[in-house]
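The values are calculated or read from the model by the stated rules, or taken from the named source; none is laboratory data. These numbers come from a predicted model, not from an experiment. Positions of Cβ are backbone-derived with ideal geometry, glycine not excepted, and every protein chain shown enters the neighbour counts.
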Amino acid sequence: MSSREEPSCDVTVIHEDVVAKVRQSMPAEEDLFDLAEFFKVFGDTTRVRILYALSQSEMCVCDLACLLGLTQSAVSHQLRVLKQAKLVRFRRDGRVVYYSLDDDHVKSVFNQAYQHIQERN
């Protein structure tokens with residue numbers, strides 16, 4: 001096998017005990033679909049930049065737009081996607097709307113992924 005080939009099984013033995021054990025613990029298809037959708041949200045650099053900013057501090061749309069060099073409209077659009085995915089929440093203070101990460105789970109997922117990327121470099 002050359003170094004460019006992907007490893008593969010050369011035998012057709014099925015390890016029935018392993019397959020049965022994993023099959024028993026597999027989440028429902030709907031849950032796996034929701035998980036895939038969750039990770040799709042992280043597939044956009046602008047949304048990742050917004051999530052990073054919000055992991056550091058609560059911010060309003062104007063602040064995020066200034067920080068990221070984007071229009072308020074572009075930031076608002078991405079925040080809508082992040083809200084629908086339940087990754088960010090907002091609160092009103094008079095006429096200003098402040099955004100933050102929805103909970104500590106979001107910050108943890110983000111931080112762990114970021115640490116993984118840093119370790120690979």
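Within the range 1-44, work out how many residues are surrounded by fewer than 10 Cβ atoms within 10 Å (Cβ to Cβ), under 24 Å from Val109 (Cα atoms) and among the β-branched types (Val, Ile, Thr).
Result for the range 1-44: 0.
Quick one: in the range 59-86, which of the residues that are closer than 14 Å to Asp44 by Cα and within 18 Å of the chain's Cα centre (by Cα) is surrounded by the fewest Cβ atoms within 10 Å (Cβ to Cβ)?
Arg80
Is there a residue in the range 31-39 that is part of a helix (DSSP H, G or I) and within 12 Å of Leu82 (Cβ to Cβ)?
For the range 31-39, residues part of a helix (DSSP H, G or I) and within 12 Å of Leu82 (Cβ to Cβ): present.
State yes or no: is Ser2 at pLDDT 95 or above and either farther than 30 Å from Leu101 by Cβ or of a type in the set (S, T, N, Q) (or both)?
no
Taking the range 68-121 on its own, how many of its residues are among the small types (Gly, Ala, Ser) and in a helix (DSSP H, G or I)?
5
Does Asp10 meet the test of being modelled with pLDDT under 95, more than 24 Å from Ile117 (Cα to Cα) and acidic (Asp, Glu)?
In short, yes.
Of the residues Ala74, Ala65, which is farther than 26 Å from Ser108 by Cβ and touching a helix residue (DSSP H, G or I) at 6+ places or on another chain (Cβ under 6 Å)?
Ala65
Listed here are the residues, each with its yes/no results for (1) in contact (Cβ under 8 Å) with a residue 12 or more places away in the chain; (2) in contact with a Cys (Cβ under 9 Å, 6 or more places away or on another chain); (3) hydroxyl-bearing (Ser, Thr, Tyr); (4) farther than 21 Å from Arg91 by Cβ.
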| site | (1), (2), (3), (4) |
| --- | --- |
| Val18 | no, no, no, yes |
| Ala28 | no, no, no, yes |
| Phe38 | yes, no, no, yes |
| Phe42 | yes, no, no, yes |
| Arg47 | yes, no, no, no |
| Ile50 | yes, no, no, no |
| Leu64 | yes, no, no, no |
| Gly69 | no, no, no, yes |
| Val75 | yes, yes, no, no |
